[in-house]
Amino acid sequence: MASAPSLSCCRLTGTLHRSITLMQYLRHLALDHNQLTGHIDENIWFLPQLSVLDLSHNKLSGTISRVAGLSFGIQQIVLHNNSLVGSLPPNLGLLKDLTLLDIRQNPAMKSCGQGTTSSPTCSAEQLLPCFLKFGDALVPQTDGSNMSCPAILRRPRDEAVHACAGNGSAQLGELADFVTYGSTGLLWIFDLDPSYYSYHRCQCLGGYSDDWQNNGTQLVCVNVKPVSVPAWVPGVVGGAAAAGGMLALAAVLLVWLKLKMQLRPRWQREKELKENRKKGMPSGGPATIVVTDVENYSSMMQTNAQLTTKAMGIHNAILRKAVAAHA
């Protein structure tokens with residue numbers, strides 16, 4: 001008898017045949033991506049060697065039975081994309097080897113009724129099975145909902161025993177002492193839709209805003225539209241930017257031409273002066289004659305001839321620079 005039959009994507013219809021529960025050596029049952037209907041036979045949970053149960057992507061209905069907590073060797077329970085209802089039984093906390101529990105895309109599964117954000121039907125402690133709790137970190141959802149929700153963690157054993165003690169519908173009563181923390185080193189993954197726990201502490205990602213629908217029972221993150229501007233504004237802004245760019249370019253060009261004239265090398269200025277002298281006297285047009293006079297030049301030469309000579313050199317250099325710049 002096969003211990004790990006895979007009947008995925010086989011277009012199976014109908015209900016789960018009860019004869020499956022007689023397969024005592026069955027370890028891995030994969031019936032995902034079919035069209036199975038009806039309830040999950042609770043006798044499946046009594047299979048002694050069952051470790052993986054994948055019934056995802058079907059049309060199964062009903063609830064998850066409390067006897068699921070008696071399937072002590074099961075490691076993975078994958079039931080997403082079905083039509084299951086109700087809440088997770090606290091008896092799942094008795095499964096020490098459970099590492100994966102996936103019930104996503106079962107819209108009718110709720111922790112404790114519908115409720116609203118302003119009038120919840122249960123407290124934060126009742127939003128999850130007693131052996132689970134909300135982590136501090138927010139984790140982005142991978143379902144395209146554009147929101148982050150708290151991580152779902154397994155409680156340490158002592159904490160879980162205390163939370164599960166009691167006779168409430170979400171508690172284990174005397175069985176609370178048998179709640180386990182699981183094997184050391186296991187990575188637990190509990191995939192629940194945010195709607196299951198009423199979107200407790202969920203936040204929309206950046207660029208999205210909260211939109212509570214269905215009388216405050218469903219959180220939808222909608223894209224924040226940018227502020228609209230009149231159609232003529234981009235044209236005006238673009239024109240102003242182009243005009244400003246042209247003015248800046250013209251100013252840079254004028255500064256460059258002025259610096260080019262003033263910072264010409266000496267040999268170039270002298271060459272231009274010689275060429276102008278070869279042309280002779282200007283034959284028409286205005287002519288400029290510059291005459292300078294150094295006041296008290298004679299007395300300064302007698303007092304300090306060395307400093308006066310240096311001053312005259314500076315004077316003559318200024319004149320030559322002015323002549324060269326306007327020649």
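Worth pointing out:
- Charge context of N81, other residues only, Cβ under 15 angstrom, K/R +1, D/E -1: -4
- Given (1) 31, 27, 17; (2) 46, 25, 23; (3) 93, 24, 22, the label whose value is semi-axes √(5λ) of the Cα gyration tensor in Å derived from this model: (3)
- With every protein chain in place, the chain: carbon and sulfur % of accessible area (1.4 Å): 58 percent
- Global form of the range 1-110, assessed from the alpha-carbon gyration tensor, a/c cut-off 1.5: oblate
- Alpha carbon centroid spacing (whole Å) that separates the range 142-168 from the range 30-50: 25 Å
- Label sites at T142 and M301, each approximated as a point 7 angstrom past Cα along Cα to Cβ, lie 9.9 nm apart.
- Placing pseudo-labels 7 Å out from each Cα toward the beta carbon at F46 and Q171 gives an inter-label distance of 3.0 nm.
- Counted charge near L175, where neighbours are those whose Cβ lies closer than 14 Å (Asp, Glu -1; Lys, Arg +1): +1
- For the range 33-180: accessible area per residue (Å², 1.4 Å): 44 Å²
- The range 60-174 shape via C-alpha gyration tensor axes, a/c threshold 1.5: rounded
- Cysteines in the chain that, by Cβ-Cβ distance, have no pairing candidate under 4.7 Å: C9, C10
- Helical content alone sets the calculated 222 nm signal of the chain at -8000 deg cm²/dmol, taking -39,500 (n - 2.57) per DSSP H segment of four or more residues and averaging over every residue.
- Under-23-angstrom lysine pairs by C-alpha in the chain, whenever the two are 8 or more apart or on separate chains: 15
- For V255 and H315, the FRET efficiency from 1/(1 + (r/R0)^6), where r spans their Cβ atoms and R0 equals 41 Å, is about 0.90.
- Summed side-chain charge close to V222 - residues other than V222 whose Cβ falls under 15 Å, Lys, Arg +1, Asp, Glu -1: -1
- Between S123 and C9, the distance separating the two model label sites (each 7 Å from Cα on the Cα→Cβ line) works out to 4.8 nm.
- When the chain is described by a simple charge dipole with +1 on each Lys and Arg Cβ and -1 on each Asp and Glu Cβ, the residue from N276, Q75, P156 located farthest towards its positive end is N276.
- GNM top mover of Q302, Q75, Q126 - the chain, alpha-carbon springs below 10 Å: Q302
- Remark: the Cα gyration tensor places the range 46-110 in the prolate category, a/c being 1.5 or greater and a/b exceeding b/c.
- Candidates G38, G216, G238, ranked by Gaussian network fluctuation over the chain, Cα under 10 Å, top entry: G238
- Here the dipole of the chain is about 2760 debye; that uses its Cα centre as origin and unit charges on the Cβ of Lys and Arg (positive) and Asp and Glu (negative).
- Max mean-square fluctuation residue, GNM over the chain, Cα-Cα springs under 10 Å, options A151, A160, A241: A241
The values are calculated or read from the model by the stated rules, or taken from the named source; none is laboratory data. In this text, all values refer to a predicted model and were calculated from it rather than measured experimentally. Ideal geometry is used to build each Cβ from the backbone, glycine not excepted, and the neighbour counts take in all protein chains shown. Ligands, DNA and RNA are excluded from the accessible area calculation, which covers all protein heavy atoms including side chains. Shrake-Rupley method; radii C 1.70, N 1.55, O 1.52, S 1.80 Å.
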